[in-house]
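Please treat every number below as a calculation from the coordinates, not as lab data. Just so it is clear, the structure is predicted and the values come from calculations on it, not from any experiment. Glycine also receives a Cβ, built like all others from the backbone with ideal geometry; neighbour counts cover every protein chain displayed.
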Amino acid sequence: MMDAATITTWMNEIAGAVRAERDYLIQLDAAIGDGDHGINMTRGFDAVVRALAQEEDGTPGKLLTLAGKTLVSSVGGASGPLWGSALRRGGRALGDAPTFDDGKLVEALQAALAAVVDLGAAVLGDKTMVDAMDPAVATLRREVDAGTVLPVALRRAAEAAEVGMRATIPLQARKGRASYLGERSIGHQDPGATSTALIVRALERTVAGSQ
Amino acid sequence: MMDAATITTWMNEIAGAVRAERDYLIQLDAAIGDGDHGINMTRGFDAVVRALAQEEDGTPGKLLTLAGKTLVSSVGGASGPLWGSALRRGGRALGDAPTFDDGKLVEALQAALAAVVDLGAAVLGDKTMVDAMDPAVATLRREVDAGTVLPVALRRAAEAAEVGMRATIPLQARKGRASYLGERSIGHQDPGATSTALIVRALERTVAGSQ
Amino acid sequence: MAMRKFLNDPEQLVKEALVGVELAHSDLLRFDRENQLLISKSAPRQGKVALISGGGSGHEPLHGGFVGVGMLDAACAGEVFTSPVPDQMLAATKAVDGGAGVVHIVKNYTGDVLNFKMAADEAADEGIKVEAVVMDDDVAVQDSLYTAGRRGVGATVLAEKIAGAAAARGDDLAAVAGIVRHVNERARSFGIALSSCTPPASGKPIFDLPEGEMEVGIGIHGEPGRRRAPLGTASEIAELMVEAVISDLKPASGANLLVFLNGMGGTPQIELYLMFAEVEARLSKAGYKTTRSLVGSYITSLEMAGASLTVLELSDATTALWDAPVNTPALRWGV
Amino acid sequence: MAMRKFLNDPEQLVKEALVGVELAHSDLLRFDRENQLLISKSAPRQGKVALISGGGSGHEPLHGGFVGVGMLDAACAGEVFTSPVPDQMLAATKAVDGGAGVVHIVKNYTGDVLNFKMAADEAADEGIKVEAVVMDDDVAVQDSLYTAGRRGVGATVLAEKIAGAAAARGDDLAAVAGIVRHVNERARSFGIALSSCTPPASGKPIFDLPEGEMEVGIGIHGEPGRRRAPLGTASEIAELMVEAVISDLKPASGANLLVFLNGMGGTPQIELYLMFAEVEARLSKAGYKTTRSLVGSYITSLEMAGASLTVLELSDATTALWDAPVNTPALRWGV
Ligand SMILES: Nc1ncnc2c1ncn2[C@@H]1O[C@H](COP(=O)(O)OP(=O)(O)O)[C@@H](O)[C@H]1O
Ligand SMILES: Nc1ncnc2c1ncn2[C@@H]1O[C@H](COP(=O)(O)OP(=O)(O)O)[C@@H](O)[C@H]1O
Ligand SMILES: [Mg+2]
Ligand SMILES: [Mg+2]
Ligand SMILES: [Mg+2]
Ligand SMILES: [Mg+2]
């Protein structure tokens, strides 16, 4: 079973990961966007870590919702509302319980993906974070349904996210700033898909570390 | 004896010389001024050549005066009024005669130098065109007074101009834009002294060519 | 990390600059530091429709420079090139609402649209009438239902002025929003970059543009354009811009135009006026009448060298609204 | 030769740009192509003292952007960074004289001073009363009788506005010239460059300034400054500028100041406002009151990144003249 500490650790892991890859994300976004993705994600998850540090006795659902709200209120740009709504919706899916199991995690991530799609209207192949998030969630669900232990299931989900991330390279963007480049967006990896892969990897480490 | 053709040829020679050295004069002026001296001199003497081409039956004095007026009206900057007044005053010194001799040439150049000093108030060592012009005129007068034939006298005058020009390098400018640089003007050759040396050389070539 | 910038801490840049705006224009506006807003001293005015806009910083004077009288009631400043967050737009909406509702002028970028949308939803929950209008005047982007669509660029400045005048004379919410929509429909823009710009937080130019080349069809976030081309003469570039804008806008023959020749931040005025003359020559040859014009750097990308052309087809009504008095840090006349 | 410029033929740049100025501001001024002048449509006005200025181009909006009502009657445009020729100043003087005489506002550069002087002499020969005032407000240059003296920089903008208002209200020639002199005496300036600029005719940057360094004590012709120093923070640079200006100006304690934070052409507004806040903090700490301010790029060096600070100690009289209505392409209020 997972609990509030899982959420807090996951958010800390993400904050560390996006900070470590800040310049790389900037560079990817500079190629087909405006070069701020690494800054946005770092600012956002730093704020999340600070917010959660004040809120240690919340339920996992409450913490994830708070993380989402914090992203909405601190990031701006496209990634702020998208990831913010995702985590908020994921938090709501976790409900009020003090713990959650593998199935509930899948449900929460599924809800998070739905929030992104509702808000941003991107479909697979539009060269967005959906291209990493969708296969990750699908893989996780399949593996969990098949009874794979969570650390392994998450490893496969993270691999699926990375495959999806790399698959954005040859695509022409149809959503977000990169779409303004038209054909010039081809040949570059989507920054949002890249940070999404980092976020799934962070979850994998969180769960592996606690077991 | 020299005549109107001497003036026209001299002006043509100057126009050719400053055009050939345009970039060099720009570079010298960029180091301690605003980088336009090569452009100013080229624009000015091109205009002089065009003006004289319309005016072929003037006396030497009239042509030199016209050259000066043309510089005033086409150059701007510091060098426009200075060289413009110089040639105008030189032209007036030549009077109405159809020809002029070595002594009259000295007198005209002496008047030209006086015009520059009257207007610009620079003294020897201020790191200006006066540092090339003054020794050139002094040398020419001494040589002509001593009976040296004009081509030789002019060669020595041109050499004196070049010595004066090079002697501006270690000086700190006290007049013109370069003075704003304070000590940073030290170590650079004055652009106006450099074009002055070109002008004296052009006169030497003019006289040598006609003899 | 040394950039060619006057800067202390990049993370504090926006706030520090807004302090300066408030100090320089305290007669017109105040700075709400907590929400990173510039709010007109004349807002809220009971019964007047309020106008707010906002977006990433780095486009100055847009939007803060247009806060005052006869234009915006408040501007929300995001980090450099990053949309502000919904909390800001919500706070601005509440601060300026005079009971007659608030128009949100939103430039069409995914981030701006999503963040403004969240704020509008919350404002509605709190009982404030909000009408959001999304500006998308940039013809460089091929419009399509399946993409993020066109970007909002220069027409935003014109819409803020024209709709601001409509709000000032007492038009109601639907009318003011309708005027913003009308300006958006009758205006088109096209931009060219001659250099990249360097966002302070990253300290690196967004793209590397060799001398002798230009980016054609840029937006305002320092992003590369639709294509790269050899640098043309002013005359050739003007031709390109006019053709792109006019072929898409298709003004009525002989129409009255407002021509807005905008600098991207690092282009000197002498070049902007040269470009304006080139553009003007083409428009008048095509039979149009430039009855109003605006030349200067009003919607910028930091220190980018470049320019954009915005053409608005004027009606008598929009002409009168353009001419109405305005008093803001960046646009002022009639008062 | 490819530069990052909108340009056709460098030799035609000034004329082509002035055509654009005339097209954009035909309500205010006209372009005399032969003499390369911008002349106010309201000039000559019988009995009004006229004001003209001029200098090299590349400093836009100075001077042409200040031609109109309540400021300059005409501006003479030289080639880029090169003083105009006397014929231009003479033609301008004749065009605007309304019988009450003409004030020449001359920035102290050898070229400008000599060319204006020749024109003034000729105008006097033709029976026009001319009073020339030479501006020299730049404290970076140590004043000395034996050098060319201080440069004329930012105070020129303020003198043109303030004396323009005096002329508009009917002051006589001596009074208007006296006001220009007064502004020059009670104002000081200091400039910093973060990059060089590239004059179009040569196509090369005037100097090479590595990133991480700055030129301290610059003028407005793209020339290097008094010294080169490591690039400081905005805060450190503001300290340097304020100290240089105030220690030389020595305003009365508690004096009212007009603070003019000027961009050199390539510095974005967000940085100018940041610098303004830094300057302001220091001035108010020192007990001065900034009762008027101007922030923007008004006297520039093409696309140079940099800024200059000009501080004018205000009296009630100069404050009222500053506030008086002005309508020019670049400065407008009260009308
Ligand atoms: N409509 C959308 N749906 C899903 N993801 C999107 C959408 N638009 C943009 N994104 C994602 O957002 C990322 C960019 O985020 P960021 O750089 O932080 O914001 P901005 O584009 O506003 O500067 C893109 O790489 C893309 O993955
Ligand atoms: N007061 C002066 N007296 C004599 N020569 C001067 C004076 N001031 C400047 N000069 C000369 O003018 C030259 C610069 O000319 P130029 O670059 O054409 O004009 P500007 O300085 O106006 O750009 C200097 O190199 C110097 O030789
Ligand atoms: Mg981005
Ligand atoms: Mg020079
Ligand atoms: Mg962004
Ligand atoms: Mg010059």
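Some observations on this one:
- Charge dipole of chain B (Cα centre as origin; +1 on each Lys and Arg Cβ, -1 on each Asp and Glu Cβ, all else neutral): 300 debye, rounded to the nearest 20.
- Counting Cβ atoms of other protein chains within 10 Å of each Cβ in D:200-212 and taking the mean gives 4.
- Label point 7 Å beyond Cα along the C-beta direction, distances from C:LYS285 to other copies (nm, shortest first): 5.8
- Rounded to the nearest 20 debye, the dipole magnitude of the protein assembly as shown is 580 debye, with +1 charges on Lys and Arg beta carbons, -1 on Asp and Glu beta carbons, and the Cα centre as origin.
- Summary of the geometry: segment B:76-124 and segment A:114-173, compared by the centres of their Cα atoms, lie 85 Å apart.
- For chain C, the number of Lys pairs with C-alpha atoms closer than 19 Å, counting only pairs eight or more positions apart or on separate chains, is 15.
- Shape of segment D:12-185, Cα gyration tensor, a/c cut at 1.5: rounded
- Across the identical copies, how the D:GLN46 labels are spaced - nm, sorted shortest first, 7 Å along Cα→Cβ: 5.3
- Between D:LYS41 and C:GLN12, the distance separating the two model label sites (each 7 Å from Cα on the Cα→Cβ line) works out to 4.9 nm.
- Projecting the Cα atoms of A:ALA122, A:LEU94, A:VAL48 onto the dipole axis of segment A:2-210, where Lys and Arg carry +1 and Asp and Glu carry -1 at the beta carbon, places A:ALA122 farthest toward the positive end.
- For residues of C:299-306, the mean tally of beta carbons on other chains within 10 Å: 4
- Cα centroid of segment D:36-54 to Cα centroid of segment C:91-155, whole Å: 47 Å
- Considering helices alone, the calculated mean residue ellipticity of chain A at 222 nm is -23500 deg cm²/dmol, with DSSP H runs of length four and up weighted by -39500 (n - 2.57) and normalised per residue.
- The relative contact order of chain B, computed from alpha carbon pairs under 8 Å that lie at least 6 residues apart in sequence, is 22 percent.
- Along segment D:64-79 the Karplus relation, 6.51 cos²θ - 1.76 cosθ + 1.60 evaluated at θ = phi - 60°, assigns HN-Hα couplings of x, x, 10, 8, x, 10, x, 9, 7, 8, 7, 10, 9, 9, x, 5 Hz to successive residues, with x for each Gly and Pro.
- Three-way shape label, the protein assembly as shown, alpha-carbon gyration tensor, a/c 1.5: prolate
- Note: relative contact order over segment D:1-103, using C-alpha pairs below 8 Å and six or more positions apart, is 29 percent.
- Antiparallel bridge percentage (DSSP; both residues within segment D:12-185; nearest 5): 30 percent
- Under 5 Å from the amide H of C:VAL103 lie the amide H atoms of C:ALA50, C:LEU51, C:ILE52, C:GLU131, each residue being 5 or more positions distant or on a separate chain, with H modelled from the backbone and absent for Pro and chain starts.
- In sequence order, calculated HN-Hα J values of segment A:97-103 (Karplus, 6.51, -1.76, 1.60; Hz; x Gly/Pro): 5, x, 9, 8, 9, 4, x
- For D:ALA305, nonlocal amide neighbours, meaning residues 5 or more places apart or on other chains whose placed amide H falls under 5 Å from its own, are D:LEU194, D:SER195, D:GLY266.
- Teacher prompt: A:GLY16 distances to equivalent labels in other copies, 7 Å Cα→Cβ, nm: 7.8
- If both residues of a DSSP beta bridge must be in chain D, then about 55% of such bridges are antiparallel.
- Volume of the Cα convex hull of segment B:2-210, divided per residue and given in Å³: 92 Å³
- Across segment B:22-33, rounded Karplus estimates of 3J(HN,Hα) from the backbone phi angles (6.51 cos²θ - 1.76 cosθ + 1.60, θ = phi - 60°) give 3, 5, 5, 5, 4, 5, 4, 6, 5, 5, 10, x Hz, Gly and Pro being marked x.
- Charge-dipole axis of segment C:12-185 as Lys and Arg at +1 and Asp and Glu at -1 on Cβ define it, positive-most pick from C:SER42, C:HIS59, C:GLY178: C:SER42
- Residue-averaged 222 nm ellipticity for chain D, from DSSP H runs of 4+ at -39500 (n - 2.57), nearest 500: -10000 deg cm²/dmol
- Projecting the Cα positions of D:VAL245, B:LEU71, D:THR147 onto the charge dipole of the protein assembly as shown (unit charges on Cβ atoms of Lys, Arg, Asp and Glu, taken about the Cα centre) puts D:VAL245 furthest along the positive direction.
- Mean-position separation - Cα centroids, segment B:1-66 and segment C:244-290, in angstrom: 41 Å
- DSSP-defined beta bridges in the protein assembly as shown - what % are antiparallel, rounded to 5: 55 percent
- By the count of other C-beta atoms within 10 Å, a proxy for reagent exposure, B:TRP83, A:TRP10 are ordered fewest to most as A:TRP10, B:TRP83.
- Per-residue average of Cβ from other chains inside 10 Å of B:172-180: 6
- Chain C residue nearest the axis that carries C onto D, by Cβ, with distance in whole Å, is C:GLY266, 2.
- Taking amide H atoms as placed 1.01 Å from N in the peptide plane, the amide H of C:ARG150 lies under 5 Å from those of C:SER144, each 5 or more residues away in sequence or on another chain.
- Each Lys and Arg adds +1 at its Cβ and each Asp and Glu adds -1 at its Cβ; summed about the Cα centre, segment D:171-241 shows a dipole of about 160 debye.
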